[in-house]
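Taken together, the values in this text are just the output of simple stated rules run on the coordinates, not laboratory data. Only a predicted model underlies this, so the values are computations on that prediction, with no experimental measurement involved. FYI the Cβ positions are ideal-geometry reconstructions off the backbone, even for glycines, and counts take in every protein chain you see.
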Amino acid sequence: MFTLSEARALVHPRDPESHKGTYGHGLLIAGSRGMAGAAVMAAKAALRSGIGLLTVCTPECNRIILQTAVPEAMVIPCGSDCVDSLPAHLSRYSAIAIGPGLTANDTTRQMQQALMKSANAPLVLDADALNNLAASTALLSLLSEKDILTPHLGEYGRLSEESADTFSVSHHLYLILKGHRTHVYSPTGEVSMNTTGNAGMATGGSGDVLTGILLALRAQGYTAWDTARLGVFVHGLAGDLAASALTEIAMTATDLIRFLPQAWKEIASF
């Protein structure tokens, strides 16, 4: 079980001589028409988790929403469903997250395949990026040991019939299986069980918040294993703080972002 003392031991203190470039540049590919909220929540969570620079690639129809709701992020407009083109110069990004609010279809699968072939940065795959994987063995073959997958049980059921520990080892990747007592699986067979979180987090958008946290940590240079364990812990801790203040019934995914600063304050004890 992953505990508060273990989380505290992993957190990197901020260097007083640092600048925004010190803490990585993340690329978030998210959103489609009517799904701007997913991109907004993931972006806000990344910015509340220490990332230095954030660029969001989202459809043109979401550009004004993103630049209004998340003014700290840069925005690259793309096609109607984030499919017409990938951002140029992928090498400038230290981590990339894809999936929240994206839609899963042949066109987004082609874009995702191009991304996975071109990008050297570690990937965090969530939501419809996982559904695209489930529909394409070609995409599955492009995964590497630096990548993190974040399925809930339904998404994982579409992805594989193998046990999660077997899948992570056979495909050489890190897997976060979300649910009660979220488990993290490594490509070497290690398993970590999270100890934070509650049923109030069973609400739309919670996974988008986790994706943003993971993107931020990966961009800052945390290993995939540390990113996955620390990310789910602070995500769940924010949920516990939100539930304590608001009740499990009344809390929403945006409340997780609201309580992220307090969660980080409890973890970062230095």
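When the residues of the range 1-27 are narrowed to those that are touching a helix residue (DSSP H, G or I) at 6+ places or on another chain (Cβ under 9 Å) and among the β-branched types (Val, Ile, Thr), which ends up nearest to Val75 (Cα to Cα)? Here the residue is Val11. Contact map, the range 142-167: first residue touching a residue at least 24 places away in the same chain (Cβ under 8 Å) and under 28 Å from Gly204 (Cβ atoms), second residue among the basic types (Lys, Arg) and surrounded by fewer than 20 Cβ atoms within 10 Å (Cβ to Cβ), Cβ cut-off under 9 Å, separation 6 or more or different chains; pairs are Pro151/Arg158. Filter the range 239-260 down to residues that are of a type in the set (Gly, Ala, Ser) and either in contact with a Lys or Arg (Cβ under 8 Å, 6 or more places away or on another chain) or not in a helix (DSSP H, G or I) (or both) and give me whichever is surrounded by the most Cβ atoms within 10 Å (Cβ to Cβ). Taking the candidates together, the pick is Ala242.
How about the range 216-226: which of its residues are in a loop (DSSP other than H, G, I, E, B) and either without any contact (Cβ under 8 Å) to a residue 12 or more places away in the chain or surrounded by 24 or more Cβ atoms within 10 Å (Cβ to Cβ) (or both)?
Thr223, the sole residue that qualifies.
The strands (runs of 3 or more DSSP E) found wholly in the range 9-83 and carrying at least 3 residues that are crowded, with 24+ Cβ neighbours inside 10 Å occupy 25-29, 53-59. Of the strands (runs of 3 or more DSSP E) lying entirely inside the range 131-215, those containing at least 2 residues that are more than 22 Å from Ala46 (Cβ to Cβ) are 183-185, 191-193. The single condition among (1) surrounded by 15 or more Cβ atoms within 10 Å (Cβ to Cβ); (2) without any contact (Cβ under 8 Å) to a residue 60 or more places away in the chain; (3) part of a loop (DSSP other than H, G, I, E, B) that Ala121 does not satisfy is (2).
Based on what the data block shows, is Met35 touching a strand residue (DSSP E or B) at 6+ places or on another chain (Cβ under 6 Å), of a type outside the set (S, T, N, Q) and farther than 19 Å from Ile213 by Cβ? So Met35 does not fit the description; no. Among the criteria (1) out of contact with any Lys or Arg (no Cβ under 9 Å at 6 or more places or on another chain); (2) surrounded by fewer than 22 Cβ atoms within 10 Å (Cβ to Cβ), the one His235 does not fulfil is (2).
I want to confirm something. Restricting to the range 194-215 and keeping residues that are among the β-branched types (Val, Ile, Thr) and in contact (Cβ under 8 Å) with a residue 60 or more places away in the chain, which single residue is nearest to His183 (Cα to Cα)? Selected residue: Thr195.
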